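What follows is one structure encoded as structure tokens, with my remarks underneath.
The values are calculated or read from the model by the stated rules, or taken from the named source; none is laboratory data. Model, not experiment: these values are computed from the prediction. Cβ atoms come from the backbone with ideal geometry, glycine included; neighbour counts cover every protein chain shown. The protein model used for the area step is the full one, side chains on, heavy atoms only, and it has no ligands, DNA or RNA in it. Shrake-Rupley method; radii C 1.70, N 1.55, O 1.52, S 1.80 Å.
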Amino acid sequence: MLRALAVDDERPSLEELLYLLNADPRIGSAEGAGDATEALRRINRALESGPGGAEAIDVVFLDINMPGLDGLDLARLLTGFAEPPLVVFVTAHEDFAVQAFDLKAVDYVLKPVRKERLAEAVRRAAEQRGATPRIPVSEPDPDHLPVELGGVTRFVPVDDITHVEAQGDYARLHTGRGSHLVRIPLSTLEERWRSRGFVRIHRRHLVALRHIGELRLDAGSVSVVVGSEELQVSRRHARELRDLLMRRP
């Protein structure tokens, strides 16, 4: 059973988060803090208590945008502790996801918080703490990828994705209508979508062959045009890409 601390300066959001956490059977206890400074004092008591102590905390559900010490600041401070609690960010802002995972966050949940999405974050924390066996999940839909935006899950058709850009532990999916950030490493998508015509052209980019409009050669430099963007092709991938494009129907 996980012992949780929820941190949010907005009282309604904090109460809703605590309600959802207490309803999860994997959460043994959940308490709240109204700002990062209060949370830090509570975490210090937990660390003094020790992992098995009465005041121990296993996971912190942490808002980012707070006055004074914000959530990212608190997470950075926690990295300096020998045995810090796990961190799950719960925020209305998508823009900090890469920084959050650089700080080894377990998950990044967007507000408004949905019960099912928070349950997934609890599952990940429980697995890292060894509090629950891995629960089998159904096979993903091979033709769509779920993405979150503002608490809403959308299913992006894989065929609409023109290229993918690595951003830390995340990948940014580009389509003709915009982009979406997902918590999947680029190497995973490369393996998953190789048979669907996606090819690595750079350590940071994966491109759908069917969306390449031009191949450009300039003084030994190779690039491709995908939609309105021109992307560089690394030397190690240039020959393979040319061969694939020559064989493209």
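For region 79-89, indicate whether the set of residues that are modelled with pLDDT under 90 and in contact with a Gly (Cβ under 9 Å, 6 or more places away or on another chain) is non-empty. Within region 79-89 (the criterion being modelled with pLDDT under 90 and in contact with a Gly (Cβ under 9 Å, 6 or more places away or on another chain)), the answer is yes, since at least one residue qualifies.
On inspection, residue 72 fails the criterion of being open to solvent by 60 Å² or more (accessible area, probe 1.4 Å), in a helix (DSSP H, G or I) and in contact with a helix residue (DSSP H, G or I) (Cβ under 7 Å, 6 or more places away or on another chain).
Summed over region 193-249, residues that are part of a loop (DSSP other than H, G, I, E, B) and either more than 22 Å from residue 157 (Cβ to Cβ) or open to solvent by less than 10 Å² (accessible area, probe 1.4 Å) (or both) total 5.
Against the criterion of being in a strand (DSSP E or B) and either aliphatic (A, V, I, L, M) or touching a residue at least 40 places away in the same chain (Cβ under 8 Å) (or both), residue 54 does not qualify. Here residue 181 meets each of (1) open to solvent by 30 Å² or more (accessible area, probe 1.4 Å); (2) touching a residue at least 40 places away in the same chain (Cβ under 8 Å) with one exception, condition (1).
Residues that are open to solvent by 50 Å² or more (accessible area, probe 1.4 Å) and over 9 Å from residue 3 (Cα atoms) within region 27-44 comprise 35, 37, 38, 41, 44, listed in sequence order.
Screening residue 82 against (1) out of contact with any helix residue (DSSP H, G or I) (no Cβ under 6 Å at 6 or more places or on another chain); (2) surrounded by 20 or more Cβ atoms within 10 Å (Cβ to Cβ) leaves a single unmet condition, (2). Right, residue 183: over 15 Å from residue 162 (Cβ atoms), modelled with pLDDT under 90 and touching a strand residue (DSSP E or B) at 6+ places or on another chain (Cβ under 6 Å) or not? It is true that residue 183 is over 15 Å from residue 162 (Cβ atoms), modelled with pLDDT under 90 and touching a strand residue (DSSP E or B) at 6+ places or on another chain (Cβ under 6 Å).
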